[in-house]
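Trainee: Here it is, the structure, as structure tokens.
Any read-out appearing in this document is the output of simple, stated calculations on the displayed coordinates, not a laboratory observation. Keep in mind that what you see is a predicted model, and the values were worked out from it rather than measured. Don't worry about glycine lacking a Cβ; one is built from the backbone with ideal geometry, like all the others, and counts go over all protein chains shown.
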Amino acid sequence: MAEKGVKVFGMWASPMVIRVEWALRLKGVEYEYVDEDLANKSADLLRYNPVTKKVPVLVHDGKPIAESTIIVEYIDEAWKGGYPIMPADPYERARARFWARFAEEKCNAALYPIFTTTGEAQRKAVHEAQQCLKTLETALEGKKFFGGDAVGYLDIVVGWYAHWLPVVEEVIGASIVTDEELPLMKAWFDRFLAVDVVKAALPDRDRLVAANKARREQLLSA
Amino acid sequence: MAGGDELKLLGFWGSPFVLRARLALSFKGLSYEYVEEDLKNKSELLLQSNPVHKKVPVLIHNGKPVCETQVIVQYLDEVYGANGRPSLLPVDPYDRAMARFWAAYIDDKLLSSLMMMSMGKTEEEKAEGRKQSSGAVETLEGALKECSKGKPFFGGDSVGYVDVVLGGFVAWVRIIDRMTGLKIFDSSKTPILAAWLERFGSLDAAKAVMPDVQRLVELSKMRQV
């Protein structure tokens, strides 16, 4: 008897996992969420994603898919009639994919050192990250969301910044996304977090702050 | 396509990423103007078309730039997907996701380990690169078996997205072999990939754009000096 339905293997604090949840919720797709302990991965996770063993993994009618951005495109294609996630125009799709890769490869890499440094090194790291985010911000010019009038693929890919960066700012005691440095991004944070499906999937902020505080202490004392 | 459809590709003959874009254009039977860039003296057009990364390849379609190799290949496949032109990505959403997954794996694991192996600063780093690339190649062997289902290519009967993405490294794999004797796709360890390498490399559409291996060896030696 073939397995039916949609399952998401995730971890409550993972920004990559939340992308998948936002995409499914935009499409109105019901799913079962399986929370993983990454220090003790389930047999199911390892069976469904033997190659990278990471979350998120989407299992649709028994067939597994890994890599969050790939999963999001799959969700858009598999539930074609629903909410349009990817832009309709091929050139706009290329731009959305371009910026998604830029955010993943450059911005995320620039953000991480902020978390693992202090003092002058941290100030430098914050500045680098802001430059990266400023470049990304150009994709917002003249629009409510990266996707235009409504949330789209790029919003889903970088949307985690809206919830996670303020948490990082609280943990490190410094500002990254400010009205002065990144006005468009800051405004987009507020608009994005006000979207119903976005709000519905966010991890508890206090829990996230506590987990990140603990992680930072661990990294700094290493 | 309607008249006045202009494709231009800014590239560098020694780049495996540019090669991927050229393979895609070649397998889809598309005409384009190729512009060879001097990477030490980048053209205004390149700097304007890709201000964020300033890298090749850049596809310019009717004056509008598309950057990042995998983005370019997908764009070409989507824009030139009709009128009997071969499709690189499959139709089924699940198969498309699998193709994208393996393409990402090739860049995330195979490329990074090959780079560590050839350009590592210490012997330990190079050895680690060799170990990781060996693991990545074994995984890819399994992927090819699964995706091809006994047919010649990742795309099945004909060349597909993953074939083009991996195809960008065909010349590089050959120069590593020529310079170090190390066979990345060893027929005794990964027979399916070794056969794929020969088969892919012998296709007319691949041969038409493949850089000369000896020239690449010279380039590689120059860079190590």
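Trainee: Which whole number gives the average, over all residues in A:62-70, of C-beta atoms from other chains lying within 10 Å of the residue C-beta?
Mentor: So the per-residue partner count for this stretch is 4.
Trainee: Have a look at segment A:6-78 and give its Rg and Dmax from the Cα atoms, expressed in angstrom.
Mentor: Spelled out, the Cα radius of gyration and Dmax of segment A:6-78 are 11.1, 33 Å.
Trainee: Additional query: Residues of segment B:9-32 with amide nitrogen under 12 Å from the 7 Å Cα-to-Cβ point of residue B:39?
Mentor: Of the residues in segment B:9-32, B:11-19 have backbone N under 12 Å from the label point off residue B:39.
Trainee: Mind listing the long-range amide H neighbours of residue B:34? Cut-off is under 5 Å, sequence gap 5 or more, other chains count too, H placed in the peptide plane at 1.01 Å from N.
Mentor: B:9
Trainee: Equivalent-ellipsoid semi-axes (√(5λ), Cα gyration tensor) for segment B:93-224, whole Å, largest first?
Mentor: They are 24, 18, 13 Å, listed largest first.
Trainee: Taking the mean number of other Cβ atoms within 10 Å as a proxy for protection, how do you rank A:119-126, A:66-73 from highest to lowest?
Mentor: A:66-73, A:119-126
Trainee: Suppose every Lys and Arg Cβ carries +1 and every Asp and Glu Cβ carries -1, with no other charges. What dipole size does chain A come out with about its Cα centre, to the nearest 20 debye?
Mentor: Using only the charged Cβ atoms, the result is roughly 320 debye.
Trainee: Using 7 Å Cα-to-Cβ label points, what is the residue A:207/residue B:195 separation (nm, one decimal)?
Mentor: My value for the distance between the label points is 5.1 nm.
Trainee: Near the amide H of residue B:58, under 5 Å away, which other amide H atoms are found, from residues 5 or more places off or on another chain, if H is placed in the peptide plane?
Mentor: Placed amide hydrogens put B:10 under 5 Å from residue B:58.
Trainee: With charges set only on the Cβ (+1 for Lys and Arg, -1 for Asp and Glu), what does the dipole of segment A:90-221 come to about its Cα centre, in debye to the nearest 20?
Mentor: Numbers: 18 positive and 19 negative charges, 64 e Å.
So the dipole magnitude of segment A:90-221 works out to roughly 300 debye.
Trainee: 7 Å from Cα along Cα→Cβ at both residue A:127 and residue B:138: what's the point-to-point distance in nm?
Mentor: 4.7 nm
Trainee: Right, another one. Give me D for chain B in µm² s⁻¹, whole number, from Stokes-Einstein with Rh from the Kirkwood sum over alpha-carbon pairs, 10 °C and 1.306 mPa s.
Mentor: 87 µm²/s
Trainee: So which chymotrypsin sites (Phe, Trp or Tyr not before Pro) in segment A:142-192 end up in coil per DSSP with only 10 or fewer other C-beta atoms within 10 Å?
Mentor: Sparse-neighbourhood loop chymotrypsin sites (Phe, Trp or Tyr not before Pro): none present.
Trainee: Work out Dmax and Rg for chain A from the C-alpha atoms and quote the Rg first, both in angstrom.
Mentor: 17.7, 60
Trainee: Length gain on complete extension for the stretch residue A:63 to residue A:89, per 0.36 nm per residue less the alpha carbon to alpha carbon distance?
Mentor: Details: separation 26, 0.36 × 26 = 9.36 nm, distance 2.89 nm.
Length difference between fully extended and current span is 6.5 nm.
Trainee: What residues of segment B:103-117 lie in the reach of a label at residue B:126, counting those whose backbone N is under 18 Å from a point 7 Å from the Cα along Cα→Cβ?
Mentor: B:112-117
Trainee: How large is the helix-only mean residue ellipticity at 222 nm for the protein assembly as shown, computed as the sum of -39500 (n - 2.57) over DSSP H runs with n ≥ 4, divided by its residue count, in deg cm²/dmol to the nearest 500?
Mentor: Working: 22 runs with 245 residues, N = 447.
Per the formula, -16500 deg cm²/dmol.
Trainee: Ok, one more. Stokes-Einstein D for the protein assembly as shown at 20 °C, 1.002 mPa s, Kirkwood Rh over Cα pairs, in µm²/s?
Mentor: Using the Kirkwood radius from Cα pairs, D works out to 91 µm²/s.
Trainee: Can you list the HN-Hα couplings for segment B:13-20, worked out from phi with the Karplus curve (6.51, -1.76, 1.60; θ = phi - 60°), rounded to whole Hz and with x for Gly and Pro?
Mentor: Once rounded to whole Hz, the list reads 4, x, 8, x, 6, 4, 4, 4.
Trainee: Say R0 is 45 Å: what FRET efficiency, to the nearest 0.05, do residue B:177 and residue A:35 get from their beta-carbon distance? If you can, show how the numbers build up before the last one.
Mentor: Values: r = 46 Å, r/R0 = 1.03.
Efficiency at R0 = 45 Å is approximately 0.45.
Trainee: Next question, about the same structure. Relative contact order for chain A using alpha-carbon pairs under 8 Å, separation at least 6, rounded to a whole percent?
Mentor: Relative contact order, chain A: 19 percent.
Trainee: Please go through the residue pairs A:41/A:213; A:63/A:144; A:4/A:54; A:4/A:144; A:63/A:213; A:54/B:145 and name each one whose alpha carbons sit more than 28 Å apart in this structure.
Mentor: A:63/A:144; A:4/A:144; A:63/A:213
Trainee: So what J values fall out for segment B:201-217 if you push phi through Karplus, 6.51 cos²θ - 1.76 cosθ + 1.60 with θ = phi - 60°, rounded to Hz, Gly and Pro as x?
Mentor: Taking θ as phi minus 60°, the curve returns x, 8, 5, 4, 5, 7, 4, 4, 10, 5, x, 5, 4, 4, 4, 5, 4 Hz for segment B:201-217.
Trainee: Something else now. Quick one: check the C-alpha center-to-center distance for segment B:33-71 versus segment A:74-124, whole angstrom.
Mentor: Cα centres, segment B:33-71 to segment A:74-124: 21 Å.
Trainee: Step through the residues of segment B:184-200 one at a time and calculate ³J(HN,Hα) from phi using the Karplus curve (6.51 cos²θ - 1.76 cosθ + 1.60, θ = phi - 60°), rounding each to whole Hz and writing x for Gly and Pro.
Mentor: Values per residue, Gly and Pro as x: 5, 9, 7, 5, 7, 9, 10, x, 5, 5, 4, 5, 4, 4, 5, 5, 4 Hz.
Trainee: Efficiency by 1/(1 + (r/R0)^6): what FRET value for residue A:43 and residue B:151, r their Cβ-Cβ distance, R0 = 30 Å, to the nearest 0.05?
Mentor: In this case the efficiency is close to 0.40.
Trainee: With a Förster radius of 45 Å, plug the Cβ-Cβ distance of residue B:214 and residue B:31 into 1/(1 + (r/R0)^6) and report the FRET value to the nearest 0.05.
Mentor: After rounding, the FRET efficiency stands at 0.95.
Trainee: Can you give the percent of C-alpha pairs in segment A:26-126 whose distance is more than 21 Å?
Mentor: So the pairs more than 21 Å apart make up 54 percent of the total in segment A:26-126.
Trainee: Still on this model: Reachable lysines from residue B:40, Cα under 28 Å, same-chain residues fewer than 8 places away excluded?
Mentor: A:106, A:134, B:8, B:54, B:55, B:64, B:121, B:126, B:207, B:221
Trainee: Using the Cα centre of the protein assembly as shown as origin and beta-carbon charges of +1 (Lys, Arg) and -1 (Asp, Glu), tell me which of B:155, B:211, B:43 is placed farthest towards the positive end of the dipole.
Mentor: Checking the options against the dipole of the protein assembly as shown, the answer is B:211.
Trainee: Using a simple charge model, +1 on the beta-carbon of Lys and Arg, -1 on the beta-carbon of Asp and Glu, nothing else, what dipole does segment B:93-224 show about its Cα centre, in debye to the nearest 20?
Mentor: Charge dipole, segment B:93-224, about its Cα centre: 140 debye, nearest 20.
Trainee: Under the definition of partner shielding as Cβ atoms of other protein chains within 10 Å of a residue Cβ, what is the mean value for peptide B:92-101?
Mentor: 6
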